[in-house]
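> Dumping the structure here so I can ask a few things about it.
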Amino acid sequence: MAFENPYPQYLEQKIDTKMIFSLLDELPQFVCLLAPDFSIPYYNRVFKQIFGDPGQKKCYEVVRGYNRPCPNCPLLNDLTNKEPFSWELTTKSGRIYSVNGRFFTDETNTRYILKTGIDITDKKKIEYDITRIDRMNLIAEMAAGIAHEIRNPLTTVKGFLQMLGWKSDLQQYQDYYQLMINELERANCIITEFLSLTKNQTEDLELQNLNTIIQTLSPLIHADALQSEITIVEELGEITDISLNEKEVRQLILNLVRNGIEAMEAGKNLSIRTYMDSDKVVLAISDEGNGIKPEVLAKLGIPFFTTKEAGTGLGLMICKNIVKRHNAKMDIVTSSKGTTFYIQFPT
């Protein structure tokens, strides 16, 4: 196969073809040649690593797994176009590539497309993280600015509703008063969650035992589980004392336990375990639900993302912040048999 030399000034130097192919194999991006019949007459080492050996397969079979050409393929469109083109390609493994293509013609006037692709997955992740941080900062500023102003009138309204509910001549409206008070308390709870997002670091750390905090919460946890007919199984191992903010760790445990209870049907078990893993104190909370779908798992912790009708989308986000402020690490393992949250606290 002979191609037009775009650099005729170098004709006299007789560049070795093998050397050119060797150089292409050393590139960090994939390179391939696309023929008019959608075959791939040339590909470099990186292309083979990503997509495998194409053999006699067509490009749309190798790259996309299709059984017909892609609808937007340049070979199906204007072949007189000489402008380069680009797009983003997501592979089966989830990696994202920025692909660039350019037409050129060989000596037989046959049109080919040279494609190159650079892995931009990490760049995309950084962009996503920056966007998420900006969103977090916006929420924090909004929360700090309005939370205190809203709480004052809520407290006043709640006080008057309670006073009215005590009057003997208004007992027939007691259910209405209680409903309004419950809604005010829920609004106050949301404000509290907003305020916790404005914290950058945890204060009042004290050396204490995680098992002691769990045992203190145990009556409340068992009461919540009893209402949903869930059994709580506690397996508290021998662990060392670590620096904790008791109030925040209580909130972390209650949030994860309640999420686990809501993820299960009646008659299931929810386990709370603690143990040592090398120099880490591990808290593991496991449910027997149906697991978390991959598309949902990828969005956990994003502000306002929730699968619950009455959820705020802040619970797991607050948990992640508490874990981060304790210099701990949270891992999630999920399957169709249930989900486990592992929190590793440094000693």
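The values are calculated or read from the model by the stated rules, or taken from the named source; none is laboratory data. Computed from a predicted structure; not experimentally measured. A quick note on method: Cβ atoms are made from the backbone with ideal geometry, for glycine too, and the neighbour counts reach across all protein chains shown. Ligands, DNA and RNA are stripped out before the accessible areas are found, and what is left, the full protein with its side chains, is counted by its heavy atoms. Shrake-Rupley method; radii C 1.70, N 1.55, O 1.52, S 1.80 Å.
> Starting from region 282-296, take each residue that is under 12 Å from Val333 (Cα atoms) and among the aliphatic types (A, V, I, L, M) and list its partners that are open to solvent by less than 10 Å² (accessible area, probe 1.4 Å) and part of a strand (DSSP E or B), counting only C-beta distances under 6 angstrom and pairs at least six apart or across chains.
Qualifying pairs under 6 Å: Ile285/Ile272; Ile292/Thr339.
> While we're looking at this one, here's another question. Which pairs do you get when a residue that is open to solvent by 70 Å² or more (accessible area, probe 1.4 Å), found in region 108-136, comes within reach of a residue that is among the hydroxyl-bearing types (Ser, Thr, Tyr) and not in a loop (DSSP other than H, G, I, E, B), reach meaning Cβ atoms under 8 angstrom, with the pair 6+ apart or on two chains?
Ile118/Tyr97; Ile118/Ser98
> Separate question: Which residues, taken from region 280-291, are within 11 Å of Ile343 (Cβ to Cβ) and open to solvent by 40 Å² or more (accessible area, probe 1.4 Å)? Even if it seems obvious, please write down each step before you answer.
Step one: list which residues in region 280-291 are within 11 Å of Ile343 (Cβ to Cβ), which gives 280-285.
Listed by number, the list holds a single entry, Lys280.
> Could you please tell me which pairs satisfy a Cβ distance under 9 Å, a separation of 6+ or placement on different chains, a first residue in region 27-47 that is on the phi > 0 side of the Ramachandran plot, and a second residue that is outside any loop (DSSP other than H, G, I, E, B)?
Cβ pairs passing all conditions: Phe38/Cys59; Phe38/Tyr60; Phe38/Glu61; Phe38/Leu75.
> Also, I was wondering about something else. Which condition breaks for Cys70 when tested against (1) modelled with pLDDT of 85 or more; (2) within 36 Å of the chain's Cα centre (by Cα)?
All conditions pass for Cys70, except number (1).
> What are the pairs, 6+ residues apart or on separate chains, where a residue within region 181-208 that is within 30 Å of Leu164 (Cβ to Cβ) has its Cβ under 6 Å from a residue that is at pLDDT 80 or above and part of a helix (DSSP H, G or I)?
Sorted first by the residue in region 181-208, then by its partner, the pairs are Ile181/Lys158; Ile181/Leu161; Leu184/Leu154; Leu184/Lys158; Asn188/Leu154; Glu193/Ile318.
> Just name the residue that is farthest from the chain's Cα centre (by Cα) out of those in region 1-57 that are aromatic (Phe, Trp, Tyr) and modelled with pLDDT under 60. It would help to see each step written out before you state the result.
We begin by selecting, within region 1-57, every residue aromatic (Phe, Trp, Tyr); these are 3, 7, 10, 21, 30, 38, 42-43, 47, 51.
After this cut, where a residue has to be modelled with pLDDT under 60 as well, the list is 3, 7, 10.
Working: Phe3: 47, Tyr7: 48, Tyr10: 51 Å.
If we take residues in region 1-57 being aromatic (Phe, Trp, Tyr) and modelled with pLDDT under 60, then Tyr10 is farthest from the chain's Cα centre (by Cα).
> Determine if region 273-280 includes at least one residue that is among the aliphatic types (A, V, I, L, M) and either at pLDDT below 90 or touching a helix residue (DSSP H, G or I) at 6+ places or on another chain (Cβ under 8 Å) (or both).
Narrowing region 273-280 to residues among the aliphatic types (A, V, I, L, M): 276.
Remaining after also requiring either at pLDDT below 90 or touching a helix residue (DSSP H, G or I) at 6+ places or on another chain (Cβ under 8 Å) (or both): none.
Checked region 273-280: no residue is among the aliphatic types (A, V, I, L, M) and either at pLDDT below 90 or touching a helix residue (DSSP H, G or I) at 6+ places or on another chain (Cβ under 8 Å) (or both).
> Next question, about the same structure. Just one of the numbered conditions (1) of a type outside the set (Phe, Trp, Tyr); (2) touching a Phe, Trp or Tyr at 6+ places or on another chain (Cβ under 7 Å); (3) within 15 Å of Pro36 (Cα to Cα) is not true of Arg102; which one?
So Arg102 meets the others, but not (2).
> Of all residues in region 233-279, which are outside any helix (DSSP H, G or I) and crowded, with 18+ Cβ neighbours inside 10 Å? Please lay out each step first, then the result.
First, the residues of region 233-279 that are outside any helix (DSSP H, G or I): 233-245, 263-279.
Hits for region 233-279 are Ile239, Ile242, Leu244, Asn245, Ala263, Met264, Lys268, Leu270, Ile272, Thr274.
> Sticking with this structure for a sec: Between Asp169, Asp204, which is open to solvent by 100 Å² or more (accessible area, probe 1.4 Å), under 30 Å from Ser271 (Cβ atoms) and modelled with pLDDT under 85? Explain how you work it out, then say what you get.
Details: Asp169 fails: under 30 Å from Ser271 (Cβ atoms).
Residue meeting the stated conditions: Asp204.
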